[in-house]
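Worksheet for the structure shown next.
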Amino acid sequence: MPERILNLSHSISTLATSKVKQIQHVTGATKILALNAEIEAARAGQYGKGFAVVAQEVKSVSQQIAGITQDLTKELNEKVADLDRLGNGLVANIRGRRLTDLALNMIEIIDRNLYERSCDVRWWATDSAVVDCLGTPSETQTRFASSRLGVILKAYTVYLDLWIVDRNGMIVANGRPDRYPRARGGSVAQEQWFRDAMRTSSGDEFVVADIERNPTLDNKMVATYAASIRKGGDAHGEPLGALGIFFDWEAQSQTVVESVRLEPEEKSRTRCLLVDSRHRILAASDRRGILTESFPLPKNEASGAYVDSQGNTVGYAATPGYETYRGLGWSGVLVQSKVADE
């Protein structure tokens, strides 16, 4: 651990200070002896003159040692202070780079996960049951489409629900009607994700909405992806409506922020965050501030590290995107407090 460098510096400082104090103690005792010797020599008169010379020399040596000790203490304090500064800088650099790497790894996991969501929605929008539900609408076709969505949901447990929406914004079928009975018949005509999906130029495109709580889905947090459903399942066919898929954001993102590879002693003093392009907290390992708190980051820097006003080391990294998925401008962030004895 980089903290060992600082611990070594502190140990050297403590040891040197202790030894200097011992020298000062011995020097003080020698001065007292020299003074006593001078007193005794004075009492001896003519016979103590030779002894007085020796006592004076001892006193002079003691004073020289005291001067050297004083200089040593000053120089030692300066060198130790330099060592502490260098050590603190080195530790901060090592820790900062490590936290930045962990933040990058965290956001890359999310990117890869969301890239798969962008593939899913475009693929499922071409499923014949989904297309026929809007192309040749009937109650039988609607039930079949709902059943088909249910089969998909059993295999893809990361979703809360899938909705087939007609061109007017009405939800005509969903994959979990038993769990979310209010979905069918509801309108999403005013939802931005639906309107954006209907404006896409082909079925090869997708849209995504900000993380939000969906009232119809028990007010759970979702990442909403959508793609247009087109006639005949053709990417350039006439738009018939849209497919909306709802990624179970809280459950999946919480796993990511709680699974960062920290040392056991780091976990209690490290907060792992995912923040959006507006710096709004989307997920937090301590489960605080989600969708209500912002965490500002340095502008115009994709990644880096710094020490905040409380002495915490902050490492951050913006989304690099994955494959054809450019990302949403999100960032991974780790905030780590100092070790108690630093």
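Of the residues Gly289, Gly237, which single one is touching a helix residue (DSSP H, G or I) at 6+ places or on another chain (Cβ under 7 Å) and either under 21 Å from Phe194 (Cβ atoms) or not acidic (Asp, Glu) (or both)? It would help to see each step written out before you state the result.
Numbers: Gly289 fails: touching a helix residue (DSSP H, G or I) at 6+ places or on another chain (Cβ under 7 Å).
Criteria check complete, one pass: Gly237.
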Return the residues of the range 165-221 that are outside any loop (DSSP other than H, G, I, E, B), buried (at least 16 other Cβ atoms within 10 Å of the Cβ) and among the small types (Gly, Ala, Ser); say none if nothing qualifies. Ala173, Ala197
Might you let me know whether the range 267-275 holds any residue that is surrounded by fewer than 22 Cβ atoms within 10 Å (Cβ to Cβ), over 29 Å from Arg176 (Cα atoms) and of a type in the set (A, V, I, L, M, F, W, C)? no
Among the residues of the range 111-145, count how many are among the hydrophobic types (A, V, I, L, M, F, W, C), in contact with a Ser or Thr (Cβ under 7 Å, 6 or more places away or on another chain) and part of a helix (DSSP H, G or I). 1
So is Gly169 on the phi > 0 side of the Ramachandran plot and either among the aliphatic types (A, V, I, L, M) or at pLDDT 95 or above (or both) or not? yes
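Just checking, does the range 34-53 include any residue being among the charged types (D, E, K, R), more than 29 Å from the chain's Cα centre (by Cα), over 30 Å from Leu334 (Cα atoms) and modelled with pLDDT of 70 or more?
Yes, some residue in the range 34-53 is among the charged types (D, E, K, R), more than 29 Å from the chain's Cα centre (by Cα), over 30 Å from Leu334 (Cα atoms) and modelled with pLDDT of 70 or more.
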Of (1) of a type outside the set (A, V, I, L, M); (2) under 29 Å from Ala183 (Cα atoms); (3) surrounded by 12 or more Cβ atoms within 10 Å (Cβ to Cβ), Arg287 fails just (3)
Being assigned to a helix (DSSP H, G or I) and either closer than 30 Å to Val260 by Cα or touching a residue at least 40 places away in the same chain (Cβ under 8 Å) (or both): is that true of Leu149 here? no
If I ask for residues that are closer than 26 Å to Cys272 by Cα and either in contact with a helix residue (DSSP H, G or I) (Cβ under 6 Å, 6 or more places away or on another chain) or not hydrophobic (A, V, I, L, M, F, W, C) (or both), which ones from the range 111-141 would you list? Asp111, Arg112, Asn113, Tyr115, Glu116, Arg117, Ser118
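The values are calculated or read from the model by the stated rules, or taken from the named source; none is laboratory data. Since the structure is predicted, the reported quantities are computational estimates derived from the model, not experimental observations. Using ideal geometry, Cβ is built from the backbone for each residue, glycine included, and neighbour counts are taken over all protein chains shown.
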